[in-house]
Amino acid sequence: MKILGIESSCDETAASVVEDGRKMLSNVVASQIDIHAVYGGVVPEIASRAHTEAIWGVVENALLQAECGMDDIDAIAVTNAPGLIGALLTGLSFAKGLAFATGKPLVPVHHIRGHVAANYLVHEELKPPFVALVVSGGHTSLMRVDDYTEYSLIGHARDDAAGEAFDKCARVLGLPYPGGAAMDRLAALGDKNKYKFTAGSVDGAEYDFTFSGLKTSVINLVHQETTQRGRVMDDEFRADVAASFTSALIKTINTRLELLLSREGGLNVVLAGGVAANSHLRAAVAATAEKYGAKLYLPPLKLCGDNAAMIASQGYFEYLKGTRGGTDLNAFATKGV
Ligand code: KG4
Ligand code: ZN
């Protein structure tokens, strides 16, 4: 069964054809990073317009590369939540029009479930149940996945997502948007014990995350050291801040994962999302999984960030479960997993 996936929840316009939820026949991603980099972050209105311009060509390319016509496609899966509302509506409206014109079923897909499904494309043996940790620019979610379409949220970010904290810290260090990957490289060169940063806890919600305090500590330190004390922001300073920040952020994520694994023995772990590309996070989560005898599943770097193959994959399992979207299907900026 071939599913055409469409993704436009943030700043990537993407389309892909996936067979039986596991076999990627094409994966086209048009990134808007260069457009938004000038502003230091994603500008929602500009993102919607860029999706509108790109979507037709991206979908055509995905079909071409998969050597398919619309006649070969069995269903259209589209991200309808969560994300930037105007951006989501662009992909959703396109998918609705295409489904109506071709008579193909339309399947709404939750973006966070899609990130998890990126792992099905590369790990043939991966099947629920497992624990999933999605760490991205917009989300930090710790979940139990009991079946392909049965999710329970265990913990989530109350304020900034991990990727957002990475990008904002990168910005005060003078790095271009999005700074996550540059922070990764810098952190490897710095002293993680140089600055004592900590991420807070949420009272009464031991699995939840809060990163805005950590982000503010970094911004304040950089301000004190440079503006107030006149220190030049050289590579050594940047590396030490990146390493100390990364270490504090990972400690928070890992502590919650460890707590969950210590209570829910025997479950394997799936890591996903843009920040799952972070080498330090990958290593830390791998060590925790090993400690609890859990197998760790990671997507390859090209499937960590937003793409439509992950949406087509999850769309297949949603289709089998009977999930369908009608002509009144809407998009939602926030939605429980
Ligand atoms: O999953 P994604 O493409 O978009 C959302 O759904 O949010 O994630 C993008 C985020 C950005 O914040 C980017 O800086 C971050 O992933 N990122 C990284 C790395 N590569 C990308 N953060 C830390 N280390 C990396 N290597
Ligand atoms: Zn994402």
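General observations
- Taken together, the criteria place residue 74 among residues that are over 30 Å from residue 210 (Cα atoms), more than 16 Å from ligand 2 (Cβ to nearest atom) and modelled with pLDDT of 95 or more.
- Residue match in the stretch 274-291 (condition: away from ligand 2 (no atom under 16 Å from the Cβ), part of a loop (DSSP other than H, G, I, E, B) and either surrounded by fewer than 18 Cβ atoms within 10 Å (Cβ to Cβ) or modelled with pLDDT of 95 or more (or both)): no
- Lone qualifier among 237, 197 - being more than 16 Å from ligand 2 (Cβ to nearest atom) and closer than 22 Å to residue 164 by Cβ: 197
- For the stretch 49-62, the condition holds for at least one residue, the condition being that it is in the same structural domain as residue 87 (by TED's automatic domain parsing) and over 28 Å from residue 121 (Cβ atoms).
- Taking the stretch 24-56 as the range and being in contact (Cβ under 8 Å) with a residue 40 or more places away in the chain and charged (D, E, K, R) as the test, only 45 passes.
- All conditions but one from (1) without any contact (Cβ under 8 Å) to a residue 24 or more places away in the chain; (2) within 16 Å of ligand 2 (Cβ to nearest atom) apply to residue 231; the one that does not is (2).
- Odd one out for residue 231 among (1) more than 23 Å from the chain's Cα centre (by Cα); (2) not in a loop (DSSP other than H, G, I, E, B): (2)
- On the stretch given as the stretch 310-331, residues that are within 13 Å of the chain's Cα centre (by Cα) and either assigned to a loop (DSSP other than H, G, I, E, B) or among the small types (Gly, Ala, Ser) (or both) total 0.
- Filter result for residue 88 (assigned to a helix (DSSP H, G or I), modelled with pLDDT of 95 or more, away from ligand 1 (no atom under 16 Å from the Cβ) and in the same structural domain as residue 8 (by TED's automatic domain parsing)): no
- Counted residues, the stretch 94-104 - those being surrounded by 17 or more Cβ atoms within 10 Å (Cβ to Cβ) and under 27 Å from the mean Cα position of the chain (by Cα): 5
The values are calculated or read from the model by the stated rules, or taken from the named source; none is laboratory data. This is a predicted model, so every value here is computed, not measured. Counting neighbours? That spans all protein chains shown, and the Cβs are built from the backbone with ideal geometry, glycine included.
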